[in-house]
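Asks: Handing you a structure now.
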Amino acid sequence: MTEQISFYNTMSRAIDKVEPVDGKEVKMYCCGPTVYNYAHIGNLRTYVFEDLLAKTIRLAGYKLKHVMNITDVGHLTSDADTGDDKMLLAAEREKMQVLELARKYEKVFFDHTAALGINRPDVVARATEHIPDMIAFVKKLEEKGFAYFSNGNVYFDTSKFPNYGQLSKQNRTELKHGARVEQDENKRNPSDFVLWFTTSKFENQVLQWDSPWGRGYPGWHIECSVMAMKYLGERIDIHCGGIDHIAVHHENEIAQSEAYLGHKWVNCWIHAAFLQMKDGKMSKSKGEFLTLDTLIAKGYKPEHYKYFCLTSHYKTSSNFSFDALDAAKNAYESLVSKIKELKQSVSDNKTVDIELESSYIKKFNSFMFNDLKTPQALAVVWEVLRNPAMPPKSKLNFMEHTDKIFGLSLEGIIKEREAELMLPDNISKIIEQRQQARMAKDWKKSDELRDVLLDKGYGIKDLPNNQFQVFAIKKNLIER
Ligand code: AMP
Ligand code: ZN
């Protein structure tokens, strides 16, 4: 049984019902990070939203395949093929090899997202590991007459794609992005974009591959079409990203994918609005930006920032300030205290009110199913906690349900044993071996050891900077 889910579709400018186009599984592609620096907390807001979306789709009873790319080559400082190569600049700054730098920031990215209770997508695909697929894709575009070779580079000819501009509702010739900074003389139209670079000003580009057009590397946009199609097939249900991607990156993805396929590619385009600072949007190019580590160093927990994200709807921009973060921190900490109080009460009172419990769960779910209304869903959480007529055990059951979606680490608190956690020697030893495996980047072994710990009744949550949290899991926990 599935529930109806609807989200705001940038393409139709309406809230659209989502149903898997193949009748079996929702296929979702999200543009991932360019791993040349830390993800800032604005980027993380977008990934928080995408994870909420994934969990909500599954909550509604659908199967889901969630794919995300990792950009480790080809992204220039301007999305429209001008400026410097982001990876190259950063590698020079940090005196590292480009791929070494990419792996470093990819790992930090997943540490930060895990600390925010974000699940890893089902498929994480690196651009550098899909170069032959990209070359084959560009070759087909060239054969179909959508690509041209000009002064060493291969470009997509947007004049051959009449629907260009449909997502941002701009006429192709009005689109200014191609002409905004330096104009690439080799383009036939300002909105054309690079599919493959061979000659460029980046003579010292170390990542280069042989291709029919000469040794070079892919443009930024091509990777998403190629990897989305490779892992999700020819029709996608949902494609996500931040709003900055609408006018250039996603228009280009649509143009090259639909030119390649000859039919519609994506049903629903969902975009997250920006996190704003007092002086405008948070951006890496401005140099100063806040990371999750900055917040942790200032004494906040990842959950405080996660709670802050839930207080605004993904489609409205959110204003970050430390006052607002303090308010989120206070609210979160009082949520935790409430849960601890409830746990105490449950030892004397095990009654449940199934009807009330399920009506609140239904109310919470319906806000999430109807365009991810997190502020309203959060208000239901407080309504439950404040309802004197609801038995404590039912409140805890409800909180466990919401935490599966919100990922505020409350489940761990609900399941934690009351006594201070004293780890037996054999458990400490396994934890130590797991930490060593993580330091050696042996993820397989570290996952195996995590499962051994789970088997023995201990959960472990990884935090940034090689820190972690251990909690004991007791079966039938609320029954105590
Ligand atoms: P990037 O690593 O720069 O490609 O960006 C990663 C994701 O974060 C993309 O989906 C962007 O659209 C999104 N993004 C960039 N800046 C912000 C911001 N200030 N607030 C929210 N999302 C952002
Ligand atoms: Zn993309």
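The values are calculated or read from the model by the stated rules, or taken from the named source; none is laboratory data. Computed from a prediction, not measured in an experiment: that's the story for all the values here. Please note that ligands, DNA and RNA were not included when accessible areas were found on the heavy atoms of the full protein model with its side chains. Shrake-Rupley method; radii C 1.70, N 1.55, O 1.52, S 1.80 Å.
Asks: Quantify, in whole percent, the carbon and sulfur part of the accessible surface of the chain (1.4 Å probe; protein heavy atoms only).
Replies: Exposed carbon and sulfur together represent 50 percent of the surface.
Asks: Kindly report, to the nearest 10 Å², the accessible surface of D210 as traced by a 1.4 Å probe over protein heavy atoms only.
Replies: Per-residue accessible area (D210): approximately 110 Å².
Asks: Next question. Out of residues 5 or more away from F193 or on other chains, whose amide H comes under 5 Å of its own, with H placed 1.01 Å from N in the peptide plane?
Replies: F156, T158
Asks: Something else: By a straight-distance test (C-alpha under 15 Å), which aspartates and glutamates pair with K329 as possible cross-link partners, with residues fewer than eight away in the same chain excluded?
Replies: Answer for K329, where 15 Å is the Cα cut-off: E303, listed by chain and number.
Asks: Under 26 Å Cα-Cα from K140, which lysines qualify once same-chain neighbours fewer than 8 residues away are excluded?
Replies: K27, K160, K187, K230, K264
Asks: Ranked from the most accessible area to the least, with a 1.4 Å probe and all protein chains present, what is the order of W443, W382?
Replies: W443, W382
Asks: Can you run the Rg to Rh ratio on the range 6-272? Use alpha carbon positions and the Kirkwood inverse-distance Rh.
Replies: Result: Rg/Rh = 0.95.
Asks: Hey, got the Cα dimensions of the range 319-421 along the principal axes, in Å, largest first?
Replies: 43, 34, 22
Asks: If you take every DSSP beta bridge whose two residues both sit in the chain, what share of them, in percent to the nearest 5, is antiparallel?
Replies: So the antiparallel bridges in the chain amount to around 50 percent.
Asks: First check a/c for the range 45-144, with a ≥ b ≥ c the square roots of the eigenvalues of its C-alpha gyration tensor; if it is under 1.5, answer rounded, and if not, answer prolate when a/b is larger than b/c or oblate otherwise.
Replies: Oblate, because a/c is 1.5 or more while a/b does not exceed b/c.
Asks: Counting just the Cα atoms, what span does the range 183-284 cover along each of its three principal axes? Round to the nearest Å and put the largest first.
Replies: Over the range 183-284, Cα extents along the principal axes are 40, 40, 27 Å.
Asks: Using every alpha carbon pair in the chain, what percent of pairs falls into each 10 Å bin from 0 up to the bin containing the largest distance?
Replies: 4, 18, 27, 26, 15, 7, 3, 0
Asks: Can you list the residues, at least 5 places off or on another chain, whose amide H is less than 5 Å from the amide H of N69, using H built in the peptide plane?
Replies: C30, G32, A125
Asks: Further question: Whole-Hz ³J(HN,Hα) for each residue in the range 39-50, computed from phi via Karplus 6.51 cos²θ - 1.76 cosθ + 1.60 with θ = phi - 60°, x for glycine and proline: what do you get?
Replies: Those phi angles translate into 6, 8, 5, x, 4, 5, 4, 5, 6, 4, 4, 5 Hz.
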